[in-house]
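Below: the structure, in structure tokens.
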Amino acid sequence: MSNISHSPESAGGNLTARALREGIFAGIVALGLFVLFVGLETTQNIRNELVLNQRWGLLAIFVAVAAVGRFLTVAYIRPWMDARKAAAKAPAEADESFFKRNFSKIAIVALLIYPPLMVMLFGVQGSLKWVDNFGIQILIYVMLAWGLNIVVGLAGLLDLGYVAFYAVGAYSYALLSQYFGLSFWILLPLAGILAAFWGMILGFPVLRLKGDYLAIVTLAFGEIIRLVLINWTEVTRGTFGVSGIPKASVFGIWSFDVSAPNNFAKAFSLPMSSAYYKIFLFYLILALALLTAYVTIRLRRMPIGRAWEALREDEIACRSLGINTVTTKLTAFSIGAMFGGFAGSFFAVRQGFVSPESFVFLESAIILAIVVLGGMGSLVGIAVAAVVMVGGTELLREMTFLKAIFGPDFTPELYRMLIFGLAMVIVMVWKPRGFVGSREPTAFLKERKAVSGSFTKEGHG
Amino acid sequence: MEYFVQQLVNGLTLGSIYGLIAIGYTMVYGIIGMINFAHGDIFMLGGFAALITFLVLTSVFVGLPVVLLLLVMMVAAMLTASLWNWTIEKMAYRPLRGSFRLAPLITAIGMSIALSNFIQVTQGPRNKPIPPLVSSVYNVFGIAISLKQIIIMLLTAILLTTFWYIVNKTALGRAQRATEQDRKMAALLGIDVDRTISVTFVMGASLAAVAGTMYLMYYGVTVFTDGFIPGVKAFTAAVLGGIGSLPGAVLGGMLIGLIESLWSAYFTIDYKDVATFSILAIVLIFKPSGILGRPEVEKV
Amino acid sequence: MVSETMTTNTMTADPILKVEHLSMRFGGLMAINDFSFEAQRGEITALIGPNGAGKTTVFNCVTGFYKPTMGMITMRQKGGKEFLLERLNDFEITRDAKVARTFQNIRLFSGLTVLENLLVAQHNTLMKASGYTVLGLLGLPGYKKAAAESIEVARHWLEKADLIARADDPAGDLPYGAQRRLEIARAMCTGPEVLCLDEPAAGLNPRESLALNELLRSIRKDSGTSILLIEHDMSVVMEISDHVVVLEYGQKISDGTPDHVKNDPKVIAAYLGVEDDEVEEVIEEIEEIEGTAGGSH
């Protein structure tokens, strides 16, 4: 360790020189990466031929950002981070704050008062966006991710086709309500059961597969279901989708159909607005999501839940303890699928329209990403991840002020998925075990101690 | 009969492209045990690089010979795609090596989303058509074989031979195989594991870029979403042939290409992807090690 | 009590586990060749042999992780119920036939706590008590009682294995010797009649080795569980086993009491690799060494 004896100046000088070198290198790499894609743009002219559009200024910005960014990272940010890491070695988690201890209770209360709060803040019509785009949208993903968490987070079975069960739930409601006129409250459990049944059917043949192979086969099944939905036009109406799906009612007492005599707004002599329906849907998905969480928490303390987690840790040991791994895996698959089915029928009722477009692989990837980013197995972590990833990208739509910076042609929505993808990469590199890496034990003798993420395994099947 | 042979030729052409992409999957999986989900998008990126190079060349030099044009497109695509894959491996995958198994998979999926949307943002969401580059068609015993198809199959054969040679006969290939077997031991024996893995990514990307160029030439159009379906099919091919095996990847690619074209020809084109995916599922369920792969033995 | 003395008297006539003409072929390799032995109820039977003799393969056949190419493995429970193990799945062997096992390279659920490891082992009992999850999910008292009982069972084994202080720590955090004991305690929580231990003393230091002997003896004494043991550590084998079977190249070369086996020329030859005519000399040498070792105690 001779460099300890170096004087600080020479070390600093070396560092700056190295940072300069690396910065220039990063600039050259960035030039190579972006010269074709950023420096030039392919656009169609009036005769529909491709022509090139030159954007050298933009390319220069990209290259400069890469070079300067790299320089700053090497010269300042990294030494600063190392110094901070060395300084903050002592464990600071002595006692947790009140907020942290009661996080889930506070969150549930906040969610309960969220819709009236939004109505108060933005008016009945103005609350629509906040309740629907943010509230309902995020809660659907929270519920889906909690459902998938049973399969991936607890049982350690990597499922890349979860969206298939979401589709089964949505189409069950859409088709059965159209062909048989059944109501939402009958079809909701039915959709869950059908999805669970499909989970069983798809789960059975793939049980022997391990890890990545399982992931690919589930991906294939997800795609097969979507392709069947597209091509089986007589029943599903193909890419046109099923529209005019009836709305849900408040347990059959009040309806949200404008013409119905028991219309909700009329019954309470409120002004007509679609906001009430959205608020009702908000509480509905909140209840469904909380049901998912409740069942998950209960199941974890039951033998089946423990067997799932044991399966994730070591399948062979499970078999040596007399656990039937086939039924254990199948229950994980079908219970996870059931919640996907519930969420799917809710989705159909919310949109009033379903088409295969909504059930692409990307959705499965997003749901899985939320589960892993949240920290596999942790309900709170997953909810936080859903808020950050879905809410964050949804927020982009609202950033109209960016138009002032980047000009009127700038559409922030366009960057939504680009940023989502990059965020997935960055969060994973930064926290490979997700936001909440530790695990709560399901039983204890003296005291409940969280199990550090470095001990838990991620499953091989 | 002629119809059948015609479909055979079409299938083999498509299969060559799948095979070239599949090699990248199989090599990366072999060496670090990771499904590089973004590989399909590297293929798409290569196609776009070729497309833009084509536009640059045709707008600057008029009347360039087609051979030269194709060659420059291919080299530009290979360089760009390699640089991208090299950077991605270094920035996104390397920090996660040896950590949690799911983390690299999620990162790769994130990368795949980011790459396709990057192209959407920078190049626009519309289909990008180019005029036909090679249009000669030969008639051999009543079967129409286009020059495009000949080029694709020939190129695949040449590249395969080259790669087979590199992996089996050179020091680089030996380092790759050693790293595949036991990364720690390889490092102890003085193999630069990081560099070997980087080279693997670069090799995979350049083959994918060739496939991207060929795909562009064959269909005359590309779009930012083009990475996903060919990517999944190429992965299917890699698995079908036995993941980790180079000849397996090409064999799998050929099979997938044949299944697809024969299914479309004799059954219904609507369900051709369903057929591919079903075959993937069936193979994995009944013979997870693929056709040429070594079976994995469960150690108790 | 009467029946118990009966079993002790007729011990040789009451085999709990009978392996007959067992053969296991891997491709062209005959790992086990026509191997037969019996383990008596209430005894500790040791299976020894040089590296690669096929001991773990025998274990994997007995516990259902491998399906033997040929042969019959009969498990006779206390009540007289018989199971043909080669026809059962691995998990059924533990669940129904009551044969539990541990692994040569420890297989704990490292992310679960020590206590949870022991609760997972009681899966089948708890599963029934929870009405296959349905009743338990509704919060019926029957399950609550069973859950409390399962914790008591776990506590019992934690005390025996001297792990009670670490009950709420992740299993992966335990030192090696404790992990070995935990794996045995976990196997015992399945309520087995035969416990198969694959090299339980491997990698233990002498103190941990002694603690292990203690645990195994008390398992046999208190719960009447018969033990089948693979072991390299001769101090453990000779100390605690009642019956030793020696395996070499997949075939049985000796079978009897520890003393008998210790003096069997074939065994000595197998371990020391000497010619047949030199065996006599070797035995003498060993006896000499043992004599001096015994004197120094």
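The values are calculated or read from the model by the stated rules, or taken from the named source; none is laboratory data. Remember, it's a predicted structure, so these values are computed and weren't measured experimentally. Every residue, glycine as well, gets a Cβ built from its backbone with ideal geometry; the counts of neighbours run over all protein chains shown. For accessibility, only protein heavy atoms count, side chains too; no ligands or nucleic acids. Shrake-Rupley method; radii C 1.70, N 1.55, O 1.52, S 1.80 Å.
Computing FRET efficiency as 1/(1 + (r/R0)^6) for A:Phe103 and B:Tyr3, where r is the C-beta to C-beta distance and R0 is 60 Å, gives about 0.35.
Over segment C:109-190, with every protein chain in place, what whole percent of the accessible area is carbon and sulfur at 1.4 Å, could you tell me? Write down the numbers at each step before the final one.
Numbers: 1870 of 3040 Å².
Here carbon and sulfur together make up 62 percent of the probe-accessible area.
Sorted from longest to shortest, the spans of the Cα atoms of the protein assembly as shown along the three principal axes equal 104, 81, 80 Å.
Beyond a 22 Å Cα-Cα separation, which of these cross-linked pairs lie in this structure: C:Lys98/C:Lys221; C:Lys145/C:Lys221; B:Lys169/B:Lys233; C:Lys98/C:Lys144? Write down the numbers at each step before the final one.
Numbers: C:Lys98/C:Lys221 18 Å; C:Lys145/C:Lys221 28 Å; B:Lys169/B:Lys233 29 Å; C:Lys98/C:Lys144 25 Å.
Violating the 22 Å Cα-Cα cut-off are C:Lys145/C:Lys221; B:Lys169/B:Lys233; C:Lys98/C:Lys144.
Over chain B, accessible surface divided per residue gives 40 Å², non-protein components excluded, 1.4 Å probe. Here's the list of lysines a cross-link from A:Lys278 could span, going by alpha-carbon distance under 21 Å and ignoring same-chain residues fewer than 8 apart: A:Lys129, A:Lys247, A:Lys266. Looking at chain A, the DSSP beta bridges with both ends there are about 90 percent antiparallel. Computed from backbone phi, the HN-Hα couplings of segment C:161-171 come to 8, 6, 10, 4, 6, 9, 3, 9, 9, x, 4 Hz, rounded to whole numbers (Karplus: 6.51 cos²θ - 1.76 cosθ + 1.60, θ = phi - 60°; Gly and Pro given as x). Skipping prolines and chain starts, which residues have an amide H placed within reach, meaning under 5 Å, of the one on C:Cys196, given they are 5 or more residues away or on another chain? Those lying under 5 Å, H to H, from C:Cys196 are C:Ala100, C:Arg101, C:Thr102, C:Leu228.
Legend: distances between Cα atoms for A:Lys85/B:Lys90; B:Lys287/C:Lys18; B:Lys287/C:Lys128; A:Lys210/C:Lys67; A:Lys329/B:Lys287; pairs beyond 25 Å are B:Lys287/C:Lys18; B:Lys287/C:Lys128. Once you place label points 7 Å from the Cα toward the Cβ at B:Val60 and A:Lys85, how far apart are they in nm? Those two pseudo-labels are separated by 4.4 nm.
Taking the DSSP beta bridges with both ends in the protein assembly as shown, the antiparallel portion is around 70 percent. Computed from backbone phi with θ = phi - 60° and the Karplus coefficients 6.51, -1.76 and 1.60, the 3J(HN,Hα) list for segment C:211-219 is 4, 5, 3, 4, 4, 5, 4, 5, 4 Hz; x is used for glycine and proline. Output the 0 to 90 degree angle, nearest 10, between the alpha-carbon long axis of helix A:303-313 and the longest principal axis computed from the alpha carbons of chain A. That works out to roughly 30 degrees. Take each residue of peptide A:221-229, count the partner chain Cβ atoms within 10 Å of its Cβ, and average: the result is 4. Less than 5 angstrom separates the built amide H of A:Phe435 from those of A:Gly374, A:Gly375, all sequence-distant by 5 or more or on a different chain.
Which value in deg cm²/dmol, rounded to the nearest 500, describes the helix-derived mean residue ellipticity at 222 nm for chain B, given -39,500 (n - 2.57) per DSSP H run of n ≥ 4 and division by the residue count? Working shown, then result.
Details: 11 runs with 215 residues, N = 300.
Only helices count here, giving -24500 deg cm²/dmol.
Spin-label model, C:Met238/A:Leu20: points 7 Å from Cα along the beta carbon direction are separated by 7.5 nm. The angle between the Cα long axis of helix A:211-231 and the main principal axis of chain A comes to about 50°, on a 0 to 90 degree scale. When only the Cβ of Lys, Arg, Asp and Glu is charged (+1, +1, -1, -1), the dipole of segment C:44-134 relative to its Cα centre reaches about 180 debye. Multiplying the residue separation of B:Arg195 and B:Ile269 by 0.36 nm and removing their Cα-Cα distance gives an extension gain of 22.2 nm.
With N set to the residue count of segment A:97-201, report its C-alpha Rg divided by 2.2 N^0.38 Å to two decimal places. Walk me through the numbers on the way to the answer.
Values: Rg = 17.6 Å, N = 105, 2.2 N^0.38 = 12.9 Å.
Compactness ratio reported: 1.37.
For the peptides C:228-236, B:254-262, the ranking by packing is B:254-262, C:228-236, with the highest mean count of neighbouring Cβ atoms within 10 Å listed first. Rounded to the nearest 0.05, the FRET efficiency derived from the C-beta distance between A:Gln351 and A:Gln44 at R0 = 30 Å is 0.40. Between the amide H of A:Gly161 and those of A:Leu219, distances stay under 5 Å, these residues lying 5 or more places away or on another chain, with hydrogens modeled in the peptide plane.
Can you give the net charge of the other residues whose Cβ lies under 13 Å from the Cβ of A:Asn231, counting K and R as +1 and D and E as -1? Walk me through the numbers on the way to the answer.
On the way: positive: A:Arg226, A:Arg237, B:Lys272; negative: A:Glu223, A:Glu234, B:Asp270, B:Asp273.
Computed value for this residue: -1.
Summary value for segment B:2-225: 42 percent relative contact order, contacts being C-alpha pairs under 8 angstrom separated by 6+ residues.
By the combined test of axial Cα extent (at least 18 Å) and Kyte-Doolittle hydropathy (mean at least -1.0), the qualifying DSSP H helices of chain B come to B:2-32, B:39-60, B:66-88, B:102-123, B:147-169, B:193-219, B:228-241, B:246-266, B:272-286. The per residue volume of the convex hull around the alpha-carbon atoms of segment B:2-225 is 138 Å³. A simple spin-label model places the labels of A:Leu121 and A:Tyr179 4.4 nm from each other, with each point 7 Å out along Cα-to-Cβ.
From the Cα gyration tensor of segment B:154-268, with a ≥ b ≥ c the square roots of its eigenvalues, which class applies: rounded if a/c is under 1.5, or else prolate if a/b is larger than b/c, or else oblate? The shape class here is prolate. Taking the charge dipole of segment A:108-398 about its Cα centre, with +1 at Lys and Arg Cβ atoms and -1 at Asp and Glu Cβ atoms, the residue from A:Leu368, A:Leu395, A:Gln125 reaching farthest to the positive side is A:Gln125.
Applying the Karplus relation 6.51 cos²θ - 1.76 cosθ + 1.60 with θ = phi - 60° to segment C:50-58 yields 3J(HN,Hα) values of x, 3, x, 6, x, 5, 5, 4, 4 Hz, where x marks Gly and Pro.
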